[in-house]
1. Given springs between every Cα pair under 10 Å in a Gaussian network model of the chain, which of Val160, Val15, Val106 has the largest fluctuation?
2. Measure off, as a whole percent, the carbon and sulfur share of the 1.4 Å-probe accessible area of the chain, all protein chains present.
3. Each residue of the range 106-113 in order: what ³J(HN,Hα) in whole Hz does its phi give by Karplus 6.51 cos²θ - 1.76 cosθ + 1.60, θ = phi - 60°, with x for Gly and Pro?
4. At 1.4 Å probe size, what's the solvent-accessible area of Arg43? Round to the nearest 10 Å².
5. I'd like to check one number: the per residue accessible area of the chain, probe 1.4 Å, reported in Å² as a whole number.
6. Tell me the accessible surface of Met173 in square angstrom (1.4 angstrom probe, heavy atoms of protein chains only), to the nearest ten.
7. For the range 97-154, state which trypsin sites (Lys or Arg not before Pro) are in a DSSP loop and have at most 15 other beta carbons lying within 10 Å of their beta carbon.
8. Averaging sequence separations of C-alpha pairs under 8 Å and six or more residues apart, then dividing by the length of the chain, give the relative contact order as a whole percent.
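The values are calculated or read from the model by the stated rules, or taken from the named source; none is laboratory data. For clarity, every value in this text was computed on a predicted model and none was experimentally measured. Here the Cβ positions follow ideal geometry from the backbone for every residue, glycine too, while neighbour counts run over all protein chains shown. These area figures cover heavy atoms from the full protein model, side chains too; ligands, DNA and RNA do not enter into them. Shrake-Rupley method; radii C 1.70, N 1.55, O 1.52, S 1.80 Å.
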Amino acid sequence: MAAMFTATAHIKKAVALINDLDTSKFPLLLSRILQKLHIKEERTFSEGEEEKLQDALGLTGSDLELIIETLEFILQQAAYHAAKPQHLSQQLQQLDLEGEKIRPIVEAWSSSARETIGKLRQRTVHPKQLEEVNWRLNLQLAQSSRSKMKEPNAMFEFGVRDENSGEKDKIRMEFTHDELYGFYNQLETIQKQLDSLS
């Protein structure tokens, strides 16, 4: 299986900080990060909680932020790769993470992997989501310069909801026969690519 992590300077610094954390408090930190991993608009800890954590762990604000970001990244990568516990453990050892920190990460991942992956799959990439599609066909029979013509077109109205604000918008589009056919072919290509991923 491919490597999940690259030991960049950023990650090496975070690993050194994680290795220095109090082992008794580490599982609680992991647990909270896993609970909030699927929520992209919300920080894992509030500002007040972060201040308390800084005091409890003896860290600066930037060091705590680096630790949280790195642990989130590790868990997101584990979810993306649907990593087995043994593979995750090996990958973390290659980053020079100490065994007393690897064990809680692997245990936390083992107990919540299925739920975490399920929640992450439901998370959308873009906040605007299509809710409804209305359409109608028109046939233009004449215009001022031409008396006899037959030009079909399709009118679409897409109902789109913004997940962040809850607002609904309507997007209206008009397609000629050729434009609609081209759009259909693009959708077919997208569908084939989605099918190949699952």
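1. The residue with the greatest mean-square fluctuation here is Val160.
2. Looking at the chain in its full context, I get 51 percent from C and S.
3. With coefficients 6.51, -1.76 and 1.60, one gets 5, 5, 5, 5, 4, 7, 10, 4 Hz.
4. For Arg43, solvent-accessible area is about 130 Å².
5. In whole numbers, the chain has 68 Å² accessible per residue.
6. Probe radius 1.4 Å; accessible area of Met173 about 80 Å².
7. Within the range 97-154, the qualifying trypsin sites (Lys or Arg not before Pro) (loop, at most 15 other Cβ atoms within 10 Å) are Arg123, Lys148, Lys150.
8. So the answer I get is 17 percent.
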